[in-house]
Amino acid sequence: MKAVRGRAARLSLALLLFWAGYSIYYTITRRAVEEGAGGGSYFLGVLMSGAEEAPLAASIVLGYLADRTGYRIPLALGLLEAGIVASMAFSPIEAYPLLAGAASLVYALSYSALMGLVLGESGGSGFRYSVIAAFGSLGWALGGFAGGAVYSRLGTLGLAVAAALMALSYTVALSASPSRGGAAPGVRDTVAALRGVASIFASLSTGWAALGFFFGAASIRLSEALESPVAYGLVLTTLPALLGFLARPAAGRLVDRVGAVAVLALTNSAYSILALAFGISTSPVLLALAWSLPLYPFRDAAAAVAVSSRLERRLQATAAGLLSASESVGGAATLAIALLIDGRFGEMMLASIALMLASTLLLALDSPRAPHRGPCPPRRQAPGL
């Protein structure tokens, strides 16, 4: 992996810090839910996943606002997201979905601004995007190890540590942000540009609904299989993230070589196989191996390039917002469908498989004539990418 320098290096550090903090948050909240919710832990786990995704519906509008006004204020507001996460350290488990939803609403603005900077630096290249995003995977790995250890010592008070890292991340991103905005095109032109990614958006949203079921329920099944909190943290986040860190450059090159849409279809099929494996096996070793497969870097790079490369450089926070909004729509669908089924683990895995199939079918609607910006040359601030 080539070295990153200048603005790209600061953005890499910001991603590392944010995802280390979020990984600690994720590990602690899921462990606390499994231990504190009793028989309702599967439902509360899925509810948490949906609550974290649903508020992102505002991401397209908020991302566009960041493109219009500049990124500094949205990034500064990320400190509020960190404050809400810190408040969860002193809150009952039953309040977690509400607080997670509130933090996610701020994330819709602040993280869209951060990712707008990252996508702008990437210039539509899957490889350049993956090099920067790899540090987010590394942060997720470090946070997973730390999350299990911190929870063993501090319990839910460890969420204050997660909040501190998230706040530091936004502070670093501020140093990489230009001071002025307002370069984005008008609303009408932006809406016209977004039409070119409508089928991709529909597919991504359906895929996120599938992942809401898979991640929400499978993470609890994994917690049941692994008794040690430290082992759970390592398998839940650290091992797959380290493998993801190593896989990021390959994911970016694959996207650049065979196309983002093709890679999205491949990852949908792979996640369906994982859901099937979790549905039929209770072996701790098999579940740990299945969970650790580094599929997410391939899906993430494909989704980012599929959207970013079809929008102007001036609309990269909007592109990031669209990616987040697809999570929101998927999260809302997860919540709605979860209320219609009886909450059994097998049904949740079947729902995940069915939704992944629907996501793949929606990719067939993508038009090869859709506007495509193509990779842009790297900015001068990021040589070596």
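The values are calculated or read from the model by the stated rules, or taken from the named source; none is laboratory data. Since this is a predicted model, take the numbers as computed values, not measurements. Virtual Cβ from ideal backbone geometry, glycine too; neighbours counted across all protein chains shown. Accessible surface areas use protein heavy atoms only, side chains included; no ligands, DNA or RNA. Shrake-Rupley method; radii C 1.70, N 1.55, O 1.52, S 1.80 Å.
Numbers for the structure displayed
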read-out: Stokes-Einstein translational diffusion, region 216-331 - Kirkwood Rh over all Cα pairs, 1.002 mPa s, 20 °C, in µm²/s; value: 137 µm²/s
read-out: Degrees, to the nearest 10: 239-258 long Cα axis against longest axis of the chain; value: 40 degrees
read-out: Relative contact order (percent, whole number), the chain, Cα cutoff 8 Å, 6+ residue spacing; value: 33 percent
read-out: Residue-normalised accessible area of the chain, given per residue in Å² at a 1.4 Å probe; value: 38 Å²
read-out: Of the chymotrypsin sites (Phe, Trp or Tyr not before Pro) in region 51-121, those whose Cβ has at most 13 other Cβ within 10 Å and which sit in DSSP loop; value: 90
read-out: Protection proxy ranking of 53-61, 354-362, 126-134 - average other beta-carbon atoms within 10 Å, highest first; value: 126-134, 53-61, 354-362
read-out: Nearest-ten-degree value, helix 345-363 long axis tilted from longest Cα axis of the chain; value: 20 degrees
read-out: Cα-Cα separations in region 73-145 greater than 17 Å, expressed as whole percent; value: 59 percent
read-out: Rounded to whole Hz, the Karplus (6.51, -1.76, 1.60) HN-Hα couplings of region 260-272, x for glycine and proline; value: 5, 5, 4, 5, 4, 5, 5, 5, 4, 5, 5, 5, 5
read-out: Summed side-chain charge close to residue 208 - residues other than residue 208 whose Cβ falls under 12 Å, Lys, Arg +1, Asp, Glu -1; value: -3
read-out: Sulfur and carbon atoms: percent of accessible area, the chain [1.4 Å]; value: 69 percent
read-out: Rounded to whole Hz, the Karplus (6.51, -1.76, 1.60) HN-Hα couplings of region 296-301, x for glycine and proline; value: 4, x, 6, 5, 5, 5
read-out: Once the Cα gyration tensor of the chain is diagonalised, semi-axes √(5λ) in Å; value: 30, 23, 20
read-out: Tensor-based shape of region 273-344 (alpha-carbon gyration tensor, a/c under 1.5 rounded, otherwise prolate or oblate); value: oblate
read-out: Amide H within-cut-off set for residue 259, under 5 Å, with H built and near neighbours excluded; value: none
read-out: ³J(HN,Hα) computed for each position of region 213-222 - Karplus, 6.51 cos²θ - 1.76 cosθ + 1.60, integer Hz, glycine/proline x; value: 5, 5, 5, x, 8, 5, 5, 6, 4, 5
read-out: Inter-label distance for residue 73 and residue 342, nm, one decimal - labels placed 7 Å from Cα along Cα-to-Cβ; value: 5.2 nm
